[in-house]
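J.: Pasting in a structure now, in structure tokens, and then I'll have a few things to ask.
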Amino acid sequence: MPLIKSWVDSANRPKTEFPLNNLPYGVFSVGDNDWRCGVAIGDRIVDVTALEEVGLLRPDPGPHVFDVPFWNDFMELGPQVWASFRTQLQALLAEDNANREAVEPHLVEMADAELHMPFAVAEYTDFYSGCHHATNVGAMFRGADNALPPNWLHIPIGYNGRASSVYVSGTDIRRPWGQLKSPDHALPAFLPCRRFDIELEMGAIVGQPSDGPVSVQQADDMIFGYVLLNDWSARDIQAWEYQPLGPFQAKATATSISPWIVTKAALEPFRTSTPEREKDLLPHLAEPGPMLYNIPLSVSMQPENAEKPTVIARTNYSQMYYSAAQQLAHHTTAGSPMNTGDLLGSGTISGPTKPERGSLLELCWGGKEPMTLDTGETRTFIEDGDTLTLCGAAQGDGYRIGFGDCTGRVVAALDKSVLPYPD
Ligand code: CA
């Protein structure tokens with residue numbers, strides 16, 4: 001499918017992440033005004049809360065859904081409404097639309113807006129479904145012979161994370177304190193994390209609830225859209241705590257997501273299959289069709305005083321071993337209901353070669369292979385003041401489908417004097 005032209009000129013430029021083919025969903029405010037639901041188009045945001053108020057857009061004949069600053073109420077309306085709303089919106093913004101004069105006053109400059117969490121996260125689960133990542137980390141922690149646990153090729157491994165610490169891109173991330181035990185310590189110590197890291201992931205947003213097990217196809221139908229996701233990770237806390245029940249405080253500090261939810265409809269032309277199975281999956285996890293997406297991704301790092309960021313990794317979402325639909329189907333097998341607004345992290349996305357690794361842990365091999373940034377500085381893990389940014393955009397025929405950057409600056413750990421602990 002080629003670029004669909006809009007009367008918003010900036011949406012027709014080949015470099016924009018937000019052409020009319022995309023129409024991602026977010027929440028914004030301008031100055032001290034209320035937070036509102038919006039859709040990105042070129043370098044503008046369409047105020048859909050206003051369009052619903054004035055009657056130019058009605059996703060549903062029932063009560064208004066955009067009178068709240070999150071997309072959950074809209075998600076609850078289901079796939080048919082998602083599709084008809086997208087059609088209405090695309091028509092209103094298309095070249096030569098008769099309503100242009102009525103819509104134009106409800107556009108704001110993206111540069112003037114502050115972006116907020118696009119949806120209320122119900123619950124958050126993070127998976128571990130990148131084969132190259134799991135192999136690299138397993139080799140580091142347990143040796144090359146035991147890199148992949150025996151269950152890994154049969155189920156998408158995951159853990160229940162914290163919805164309460166999911167933040168929108170741009171939020172500063174405070175270095176955590178924690179109990180850690182590095183090789184040079186005989187006893188554990190309570191210290192600020194020394195091995196703070198990122199994980200390059202995609203997040204899938206569950207748009208429709210389930211009550212009981214669902215198939216992989218049903219799971220795919222339940223997914224509303226995708227965001228870029230950074231699973232901030234404290235490696236030294238993780239190394240000490242992870243056995244036998246998996247990560248806990250190492251992953252509790254923060255998870256950052258991109259400001260725009262890209263819908264499944266916008267990503268449809270980029271569907272691709274998961275890699276060839278190394279072992280046949282049981283039938284309940286087999287995919288009926290392609291459920292991953294071809295989305296080139298990158299990570300950059302910018303120290304506090306550097307003028308420009310350095311790109312430190314490039315990979316692709318298509319490297320995942322399990323799709324979000326498979327993860328969601330697996331998540332329902334024991335009967336737990338899933339809810340609108342649930343967020344599923346893909347797991348770190350790494351490719352087969354070193355420049356394709358989606359975490360500093362892998363890029364610098366557990367601190368043993370420092371990397372050099374464009375400024376000449378070296379890093380093994382994140383230092384205070386560093387800004388880490390994830391980018392991603394699917395490349396269409398003359399257009400791109402992007403998410404907006406997923407960025408966060410790491411700030412110093414709390415001073416010991418303010419912690420509520422005895423010396
Ligand atoms: Ca993760």
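Each value in this text was obtained by applying a stated rule to the coordinates, not by laboratory testing. These figures come from a predicted structure and were not determined experimentally. Cβ sites come from the backbone with ideal geometry, for glycine too, and all protein chains shown count toward neighbours.
J.: Roughly what angle does helix 131-142 make with the longest principal axis of the chain, taking Cα atoms, 0 to 90 degrees, to the nearest 10?
T.: 20
J.: While we're here: Between rounded, prolate and oblate, where does the chain land on the alpha carbon gyration tensor, with a ≥ b ≥ c its root eigenvalues, rounded for a/c under 1.5, else prolate if a/b exceeds b/c? Intermediate values should be presented prior to the final figure.
T.: Numbers: a/c = 1.74, a/b = 1.43, b/c = 1.22.
Prolate.
J.: Can you pull out the trypsin sites (Lys or Arg not before Pro) in segment 360-423 that DSSP calls coil and that have at most 12 other Cβ atoms within 10 Å? Walk me through the numbers before you get to the answer.
T.: On the way: sites: LYS368, ARG379, ARG400, ARG409, LYS416; in loops: LYS368.
Those that pass, being in a loop and sparsely packed, are LYS368.
J.: Report, to one decimal in Å, the Kirkwood hydrodynamic radius for segment 202-344 based on all distinct Cα pairs.
T.: Details: mean 1/r = 0.0586 Å⁻¹.
Every distinct Cα pair counted, the radius reaches 17.1 Å.
J.: Please work out whether segment 229-312 counts as rounded, prolate or oblate from its C-alpha gyration tensor, where a ≥ b ≥ c are the square roots of the eigenvalues and a/c under 1.5 means rounded, while otherwise a/b larger than b/c means prolate and anything else oblate? Could the numbers behind the result be given before it?
T.: Values: a/c = 2.35, a/b = 1.24, b/c = 1.89.
Because a/c hits 1.5 or more and a/b fails to exceed b/c, segment 229-312 counts as oblate.
J.: I want to verify a result. In a Gaussian network model of the chain, Cα cutoff 10 Å, which of these has the top mean-square fluctuation: ALA329, ALA102, ALA11?
T.: Taking springs between Cα atoms under 10 Å, the residue moving most is ALA102.
J.: Could you tell me the distance between the Cα centroids of segment 190-218 and segment 350-366, to the nearest Å?
T.: Rounded to whole Å, the Cα centres lie 20 Å apart.
J.: Could you grab the relative contact order for the chain? Cα pairs under 8 Å, six or more apart, rounded to a whole percent. Display every interim value, and only then the final one.
T.: Numbers: 1039 pairs, mean separation 89.2, N = 423.
Worked out over the chain, it gives 21 percent.
J.: Something else about it: Taking Rh as the Kirkwood radius, which is the inverse of the mean 1/r over Cα pairs, what is the Rg/Rh value for segment 75-138?
T.: Working: Rg = 19.7 Å, Rh = 16.5 Å.
Rounded to two decimals, Rg over Rh is 1.19.
J.: Multiply the residue gap between ARG142 and LEU245 by 0.36 nm, knock off their C-alpha separation, and tell me the result in nm, one decimal place. Before the final figure, lay out each step's value.
T.: Working: separation 103, 0.36 × 103 = 37.08 nm, distance 1.60 nm.
Answer, rounded to one decimal: 35.5 nm.
J.: I'd like the orientation of helix 79-93 relative to the chain: the angle between its Cα long axis and the longest Cα principal axis, in ° from 0 to 90, rounded to 10.
T.: 60
J.: How large is the helix-only mean residue ellipticity at 222 nm for the chain, computed as the sum of -39500 (n - 2.57) over DSSP H runs with n ≥ 4, divided by its residue count, in deg cm²/dmol to the nearest 500?
T.: Only helices count here, giving -4500 deg cm²/dmol.
J.: Additional query: May I ask you to work out the translational diffusion coefficient for segment 331-423 at 10 °C, viscosity 1.306 mPa s, via Stokes-Einstein with Rh from the Kirkwood sum over Cα pairs, reported in whole µm²/s?
T.: Numbers: Rh = 17.6 Å.
In µm²/s, the coefficient rounds to 90.
J.: Let a ≥ b ≥ c be the square roots of the eigenvalues of the Cα gyration tensor of segment 126-244; is it rounded (a/c under 1.5), or, if not, prolate (a/b larger than b/c) or oblate?
T.: Numbers: a/c = 2.41, a/b = 1.43, b/c = 1.68.
The shape class here is oblate.
J.: Sorting HIS330, HIS64, HIS133, HIS116 on the 10 Å Cβ count, fewest up front, what's the list?
T.: By the 10 Å Cβ count, ascending: HIS64, HIS116, HIS330, HIS133.
J.: Turning to a different aspect of this structure: Can you tell which of TYR321, TYR167, TYR159 shows the greatest fluctuation in a Gaussian network model of the chain with Cα springs below 10 Å?
T.: TYR159
J.: Exactly which trypsin sites (Lys or Arg not before Pro) in segment 1-77 are in a DSSP loop and have at most 13 other Cβ atoms within 10 Å? Don't jump to the answer; show the numbers that get you there.
T.: Working: sites: LYS5, LYS15, ARG36, ARG44; in loops: LYS5, LYS15.
Here the sparse-neighbourhood loop sites are LYS15.
J.: Where in segment 298-329 does the amide nitrogen come within less than 17 Å of the point 7 Å from the Cα of LYS279, taken along Cα to Cβ?
T.: Taking a point 7 Å out along Cα→Cβ of LYS279, the residues of segment 298-329 whose backbone N falls under 17 Å are 321-322.
J.: Hey, another quick one. Pick from VAL54, VAL108, VAL27: which is most flexible by mean-square fluctuation in a GNM of the chain where alpha carbon atoms under 10 Å apart are linked?
T.: Among VAL54, VAL108, VAL27, the largest GNM mean-square fluctuation belongs to VAL54.
J.: Starting from the Cα of ASN160, step 7 Å along the direction of its Cβ; do the same at ASN339; then give the gap between the two resulting points in nm.
T.: 1.2
J.: Between segment 275-296 and segment 140-175, what is the separation of their alpha carbon centroids in Å?
T.: So the two Cα centres are separated by 20 Å.
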